[in-house]
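Step one of this worksheet: look at the structure below.
The values are calculated or read from the model by the stated rules, or taken from the named source; none is laboratory data. What you see is a predicted model; the values in this text were computed from it and never measured. When we count neighbours, we look across all protein chains shown, and the Cβ atoms used for this are built from the backbone with ideal geometry, even at glycine. Just so you know, the surface numbers come from the protein's heavy atoms only, side chains and all, with ligands and any DNA or RNA stripped out. Shrake-Rupley method; radii C 1.70, N 1.55, O 1.52, S 1.80 Å.
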Amino acid sequence: EIFKTKLLLMGKDVDIIMSKVMDDKQMLAIMDLLETTSIYCPPYFGFILVFRIVQLSISHGVSVNTAYGFAYYSGILCHLGDLCNASKYAKFSLDIMQRMQARQKYCRVYSCLYFGVFLKTNHMHSCLGPVLKARHEGLKAGDTLHATVCAALYCSIAFRCEKKLASVKQVLTHFKREAKVYKQEAMWTPAIPLEQAILNLMGHTDKPNLLDGSAIPSEKIDTLISNAKSDDAERLLCVAYYYQMLVAYIFDDLELAIKMVEEYLGLENPFEGMVAGSEVIFLYGLTSLAQARKTNEVMW
(Lines give C-alpha, C1' and ligand atoms only; values in the text may rest on other atoms or scores of the structure.)
Protein backbone atom coordinates (compact mmCIF):
# COMPACT_ATOMS: atom_id res chain seq x y z
CA GLU A 1 0.00 0.00 0.00
CA ILE A 2 2.80 2.44 0.74
CA PHE A 3 4.43 1.89 -2.67
CA LYS A 4 1.05 2.29 -4.36
CA THR A 5 0.53 5.56 -2.51
CA LYS A 6 3.99 6.82 -3.43
CA LEU A 7 3.37 6.05 -7.10
CA LEU A 8 0.03 7.85 -7.07
CA LEU A 9 1.65 10.94 -5.51
CA MET A 10 4.63 10.97 -7.85
CA GLY A 11 4.86 14.27 -9.73
CA LYS A 12 1.84 15.80 -7.98
CA ASP A 13 2.02 19.07 -6.08
CA VAL A 14 -0.62 20.38 -3.70
CA ASP A 15 -2.31 22.41 -6.47
CA ILE A 16 -2.87 19.28 -8.56
CA ILE A 17 -4.23 17.39 -5.56
CA MET A 18 -6.55 20.30 -4.69
CA SER A 19 -7.83 20.62 -8.25
CA LYS A 20 -10.64 18.16 -7.54
CA VAL A 21 -12.90 18.37 -4.48
CA MET A 22 -14.90 15.34 -3.36
CA ASP A 23 -18.67 15.88 -3.51
CA ASP A 24 -20.06 12.32 -3.51
CA LYS A 25 -21.92 11.86 -0.19
CA GLN A 26 -21.15 8.15 -0.01
CA MET A 27 -17.43 8.74 -0.56
CA LEU A 28 -17.45 11.53 2.05
CA ALA A 29 -19.01 9.13 4.55
CA ILE A 30 -16.35 6.53 3.71
CA MET A 31 -13.59 9.10 4.28
CA ASP A 32 -15.04 9.99 7.69
CA LEU A 33 -15.21 6.32 8.60
CA LEU A 34 -11.62 5.66 7.47
CA GLU A 35 -10.30 8.59 9.49
CA THR A 36 -12.19 7.76 12.67
CA THR A 37 -11.29 4.06 12.50
CA SER A 38 -7.60 4.83 11.89
CA ILE A 39 -7.48 6.71 15.21
CA TYR A 40 -8.87 3.92 17.37
CA CYS A 41 -7.57 0.77 15.64
CA PRO A 42 -4.11 -0.85 16.09
CA PRO A 43 -1.32 1.11 14.32
CA TYR A 44 -0.55 -1.56 11.70
CA PHE A 45 -4.20 -1.43 10.56
CA GLY A 46 -4.36 2.34 10.87
CA PHE A 47 -1.52 2.66 8.36
CA ILE A 48 -3.58 0.87 5.70
CA LEU A 49 -6.61 3.08 6.33
CA VAL A 50 -4.53 6.24 6.02
CA PHE A 51 -3.06 5.05 2.73
CA ARG A 52 -6.64 4.60 1.50
CA ILE A 53 -7.55 8.15 2.58
CA VAL A 54 -4.65 9.53 0.52
CA GLN A 55 -5.40 7.27 -2.44
CA LEU A 56 -9.11 8.16 -2.49
CA SER A 57 -8.24 11.86 -2.22
CA ILE A 58 -6.20 11.56 -5.40
CA SER A 59 -8.75 9.48 -7.32
CA HIS A 60 -12.03 11.02 -6.08
CA GLY A 61 -11.02 14.47 -4.85
CA VAL A 62 -10.01 16.02 -1.55
CA SER A 63 -12.20 16.37 1.54
CA VAL A 64 -11.67 17.72 5.05
CA ASN A 65 -10.29 14.26 5.92
CA THR A 66 -7.47 14.61 3.38
CA ALA A 67 -5.47 16.92 5.66
CA TYR A 68 -5.41 14.29 8.42
CA GLY A 69 -4.57 11.57 5.88
CA PHE A 70 -1.50 13.46 4.69
CA ALA A 71 -0.50 14.32 8.27
CA TYR A 72 -0.58 10.65 9.29
CA TYR A 73 1.12 9.62 6.03
CA SER A 74 3.96 12.07 6.66
CA GLY A 75 4.38 10.57 10.13
CA ILE A 76 4.70 7.09 8.61
CA LEU A 77 7.39 8.35 6.20
CA CYS A 78 9.24 10.02 9.08
CA HIS A 79 9.14 6.76 11.06
CA LEU A 80 10.65 5.00 8.04
CA GLY A 81 13.46 7.58 7.87
CA ASP A 82 12.23 9.47 4.78
CA LEU A 83 12.45 12.91 6.40
CA CYS A 84 12.50 14.80 3.10
CA ASN A 85 9.14 13.51 1.89
CA ALA A 86 7.76 13.50 5.43
CA SER A 87 8.39 17.24 5.63
CA LYS A 88 6.98 17.76 2.12
CA TYR A 89 3.68 16.00 2.81
CA ALA A 90 3.40 17.55 6.26
CA LYS A 91 3.30 20.93 4.49
CA PHE A 92 0.75 19.50 2.04
CA SER A 93 -1.42 18.60 5.04
CA LEU A 94 -1.30 22.11 6.50
CA ASP A 95 -1.94 23.69 3.09
CA ILE A 96 -4.94 21.43 2.40
CA MET A 97 -6.38 22.07 5.85
CA GLN A 98 -6.14 25.82 5.28
CA ARG A 99 -7.64 25.71 1.79
CA MET A 100 -10.49 23.45 2.91
CA GLN A 101 -11.05 25.71 5.95
CA ALA A 102 -11.08 22.56 8.08
CA ARG A 103 -10.64 24.27 11.45
CA GLN A 104 -12.35 21.34 13.18
CA LYS A 105 -9.36 19.20 12.13
CA TYR A 106 -6.76 21.66 13.43
CA CYS A 107 -5.95 19.88 16.70
CA ARG A 108 -6.07 16.42 15.15
CA VAL A 109 -3.75 17.36 12.29
CA TYR A 110 -1.32 19.30 14.48
CA SER A 111 -1.10 16.58 17.12
CA CYS A 112 -0.25 14.10 14.38
CA LEU A 113 2.33 16.35 12.68
CA TYR A 114 4.14 17.50 15.79
CA PHE A 115 3.96 14.05 17.33
CA GLY A 116 5.30 12.24 14.28
CA VAL A 117 7.26 14.70 12.13
CA PHE A 118 8.12 18.17 13.37
CA LEU A 119 9.90 17.03 16.54
CA LYS A 120 12.46 15.51 14.17
CA THR A 121 12.53 18.16 11.46
CA ASN A 122 12.14 21.39 13.47
CA HIS A 123 13.88 22.90 16.47
CA MET A 124 12.17 21.44 19.51
CA HIS A 125 11.66 24.80 21.19
CA SER A 126 9.79 26.08 18.11
CA CYS A 127 7.20 23.31 18.60
CA LEU A 128 5.99 24.57 22.00
CA GLY A 129 3.78 27.41 20.77
CA PRO A 130 2.02 25.55 17.93
CA VAL A 131 1.32 22.50 20.10
CA LEU A 132 -0.18 24.66 22.85
CA LYS A 133 -2.30 26.51 20.28
CA ALA A 134 -3.47 23.20 18.82
CA ARG A 135 -4.61 22.08 22.28
CA HIS A 136 -6.61 25.30 22.63
CA GLU A 137 -8.20 24.85 19.19
CA GLY A 138 -9.05 21.25 20.05
CA LEU A 139 -10.92 22.30 23.17
CA LYS A 140 -12.80 24.95 21.19
CA ALA A 141 -13.84 22.31 18.66
CA GLY A 142 -14.78 19.77 21.35
CA ASP A 143 -11.96 17.41 20.35
CA THR A 144 -10.87 16.69 23.92
CA LEU A 145 -9.05 13.50 22.92
CA HIS A 146 -6.52 15.21 20.66
CA ALA A 147 -6.41 18.27 22.92
CA THR A 148 -5.20 15.92 25.67
CA VAL A 149 -2.63 14.39 23.30
CA CYS A 150 -1.34 17.91 22.57
CA ALA A 151 -1.26 18.73 26.29
CA ALA A 152 0.83 15.64 27.07
CA LEU A 153 3.10 16.35 24.11
CA TYR A 154 3.55 19.96 25.22
CA CYS A 155 4.70 18.80 28.67
CA SER A 156 7.13 16.35 27.08
CA ILE A 157 8.67 19.10 24.93
CA ALA A 158 8.69 21.63 27.78
CA PHE A 159 10.58 19.14 29.96
CA ARG A 160 13.38 19.23 27.38
CA CYS A 161 13.26 23.00 26.73
CA GLU A 162 12.25 24.81 29.91
CA LYS A 163 14.88 25.86 32.41
CA LYS A 164 12.80 25.28 35.55
CA LEU A 165 11.30 21.89 36.33
CA ALA A 166 8.89 23.48 38.79
CA SER A 167 7.19 25.43 35.98
CA VAL A 168 6.84 22.28 33.86
CA LYS A 169 5.39 20.43 36.86
CA GLN A 170 2.86 23.22 37.42
CA VAL A 171 1.65 23.09 33.80
CA LEU A 172 1.62 19.29 33.86
CA THR A 173 -0.54 19.24 36.99
CA HIS A 174 -3.04 21.61 35.39
CA PHE A 175 -3.31 19.53 32.20
CA LYS A 176 -3.61 16.34 34.24
CA ARG A 177 -6.64 17.74 36.07
CA GLU A 178 -8.07 18.91 32.77
CA ALA A 179 -7.72 15.40 31.27
CA LYS A 180 -9.63 14.00 34.24
CA VAL A 181 -12.44 16.55 33.80
CA TYR A 182 -12.77 15.60 30.11
CA LYS A 183 -12.54 11.87 30.95
CA GLN A 184 -9.38 11.48 28.87
CA GLU A 185 -7.22 9.80 31.55
CA ALA A 186 -6.30 7.02 29.10
CA MET A 187 -4.80 9.55 26.66
CA TRP A 188 -2.92 11.20 29.53
CA THR A 189 -1.34 7.93 30.72
CA PRO A 190 1.94 8.31 28.74
CA ALA A 191 2.65 11.51 30.70
CA ILE A 192 2.63 9.69 34.05
CA PRO A 193 6.30 8.52 33.94
CA LEU A 194 7.34 12.06 32.96
CA GLU A 195 5.63 13.49 36.03
CA GLN A 196 7.42 11.03 38.29
CA ALA A 197 10.76 11.72 36.61
CA ILE A 198 10.29 15.43 37.35
CA LEU A 199 9.54 14.64 40.99
CA ASN A 200 12.69 12.51 41.19
CA LEU A 201 14.83 15.26 39.67
CA MET A 202 13.34 17.81 42.08
CA GLY A 203 14.31 15.64 45.05
CA HIS A 204 10.81 14.54 46.06
CA THR A 205 11.61 10.85 46.46
CA ASP A 206 13.80 8.74 48.75
CA LYS A 207 15.27 6.67 45.88
CA PRO A 208 15.80 9.04 42.95
CA ASN A 209 17.24 6.29 40.72
CA LEU A 210 13.89 4.44 40.79
CA LEU A 211 10.77 5.79 39.11
CA ASP A 212 8.67 4.93 42.15
CA GLY A 213 6.47 7.53 43.78
CA SER A 214 3.19 9.35 44.09
CA ALA A 215 2.71 10.03 40.37
CA ILE A 216 2.83 6.31 39.51
CA PRO A 217 -0.30 4.18 40.09
CA SER A 218 0.52 1.78 42.98
CA GLU A 219 3.68 3.93 43.37
CA LYS A 220 5.82 1.16 41.81
CA ILE A 221 7.29 1.44 38.32
CA ASP A 222 7.68 -2.35 38.12
CA THR A 223 3.93 -2.76 38.62
CA LEU A 224 3.17 -0.13 35.99
CA ILE A 225 5.49 -1.84 33.48
CA SER A 226 4.05 -5.27 34.26
CA ASN A 227 0.49 -4.02 33.76
CA ALA A 228 1.45 -2.24 30.54
CA LYS A 229 2.96 -5.48 29.20
CA SER A 230 -0.22 -7.37 30.05
CA ASP A 231 -2.32 -4.74 28.25
CA ASP A 232 0.04 -4.52 25.24
CA ALA A 233 0.32 -0.79 26.00
CA GLU A 234 3.52 -0.11 24.06
CA ARG A 235 3.12 3.66 24.25
CA LEU A 236 3.20 3.55 28.03
CA LEU A 237 6.03 1.02 28.00
CA CYS A 238 8.19 3.27 25.82
CA VAL A 239 7.91 6.30 28.06
CA ALA A 240 8.23 4.20 31.23
CA TYR A 241 11.45 2.59 29.97
CA TYR A 242 12.84 5.93 28.81
CA TYR A 243 12.26 7.95 31.97
CA GLN A 244 13.37 5.09 34.21
CA MET A 245 16.49 4.87 32.07
CA LEU A 246 17.02 8.63 32.35
CA VAL A 247 16.80 8.90 36.15
CA ALA A 248 18.83 5.70 36.57
CA TYR A 249 21.63 7.17 34.44
CA ILE A 250 21.54 10.57 36.15
CA PHE A 251 21.68 8.98 39.61
CA ASP A 252 24.42 6.51 38.61
CA ASP A 253 22.44 3.26 38.53
CA LEU A 254 24.05 2.17 35.28
CA GLU A 255 22.93 -1.45 35.35
CA LEU A 256 19.28 -0.43 35.64
CA ALA A 257 19.71 2.18 32.89
CA ILE A 258 21.20 -0.40 30.52
CA LYS A 259 18.43 -2.89 31.35
CA MET A 260 15.79 -0.27 30.47
CA VAL A 261 17.50 0.58 27.16
CA GLU A 262 17.55 -3.07 26.18
CA GLU A 263 13.89 -3.45 27.11
CA TYR A 264 13.03 -0.41 24.98
CA LEU A 265 15.01 -1.63 21.98
CA GLY A 266 13.31 -5.02 22.30
CA LEU A 267 9.86 -3.54 21.69
CA GLU A 268 8.19 -4.54 18.44
CA ASN A 269 7.05 -1.00 17.58
CA PRO A 270 9.14 1.55 19.50
CA PHE A 271 6.94 4.56 20.03
CA GLU A 272 8.07 8.04 19.10
CA GLY A 273 6.59 11.43 19.79
CA MET A 274 6.68 11.46 23.58
CA VAL A 275 10.15 9.93 23.33
CA ALA A 276 12.35 10.17 20.27
CA GLY A 277 14.27 7.02 19.38
CA SER A 278 17.39 9.12 18.88
CA GLU A 279 17.26 10.16 22.54
CA VAL A 280 17.25 6.51 23.62
CA ILE A 281 20.24 5.65 21.43
CA PHE A 282 22.15 8.70 22.65
CA LEU A 283 21.45 7.81 26.28
CA TYR A 284 22.48 4.22 25.56
CA GLY A 285 25.82 5.54 24.31
CA LEU A 286 26.33 7.67 27.42
CA THR A 287 25.41 4.79 29.69
CA SER A 288 27.72 2.36 27.88
CA LEU A 289 30.59 4.85 28.06
CA ALA A 290 30.07 5.34 31.79
CA GLN A 291 29.88 1.58 32.31
CA ALA A 292 33.09 1.07 30.30
CA ARG A 293 34.93 3.57 32.47
CA LYS A 294 33.54 1.98 35.60
CA THR A 295 34.27 -1.69 34.76
CA ASN A 296 37.11 -1.45 32.19
CA GLU A 297 35.33 -4.18 30.21
CA VAL A 298 35.88 -4.19 26.46
CA MET A 299 32.27 -5.23 25.72
CA TRP A 300 31.05 -1.72 26.53
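In segment 1-112, Cα pairs under 8 Å separated by at least six residues give a relative contact order of 25 percent.
Over the residues of the chain, the helix contribution to mean residue ellipticity at 222 nm works out to -22000 deg cm²/dmol, using -39500 (n - 2.57) for each DSSP H run of at least 4. Dividing the convex hull volume of the alpha carbon atoms of the chain by its residue count gives 140 Å³ per residue.
Does segment 13-89 classify as rounded, prolate or oblate by the C-alpha gyration tensor (a ≥ b ≥ c root eigenvalues; a/c under 1.5 gives rounded; else a/b over b/c gives prolate, otherwise oblate)? Oblate is the answer for segment 13-89, as a/c is 1.5 or above yet b/c matches or exceeds a/b. When exposed loop sites are taken as GluC sites (Glu not before Pro) in a DSSP loop with at most 12 other Cβ atoms within 10 Å, the longest stretch of the chain clear of them is 1-267. Taking all protein chains together and a 1.4 Å probe, the residues Asp252, Asp13 rank Asp252, Asp13 from largest to smallest accessible area. Between helix 43-60 and the chain there is an angle of about 20 degrees, using the helix long axis and the longest principal axis of the Cα atoms.
Please work out how many pairs of lysine residues in segment 130-217 are eight or more positions apart (or on different chains) and have Cα atoms closer than 19 angstrom.
Within segment 130-217, the lysine pair count is 6.
Charged neighbours of Ala240, selected by a Cβ distance under 11 Å, balance to -1 (K, R count +1; D, E count -1).
Only protein atoms count toward the accessible area here, which uses a 1.4 Å probe; on the chain, the carbon and sulfur part of that area reaches 55 percent. With protein chains left intact and a 1.4 Å probe, residues in segment 38-105 average 42 Å² of accessible area per residue.
Mean sequence separation of contacting Cα pairs (under 8 Å, at least six apart), scaled by the length of the chain, corresponds to a relative contact order of 10 percent.
A 1.4 Å probe run over segment 189-300, with the rest of the protein chains in place, finds 50 Å² accessible per residue. Reducing segment 19-43 and segment 113-186 to their Cα centroids gives an inter-centroid distance of 26 Å. The lysines within cross-link reach of Lys88, meaning a Cα-to-Cα straight distance under 16 Å and a gap of 8 or more places when in the same chain, are Lys6, Lys12, Lys120.
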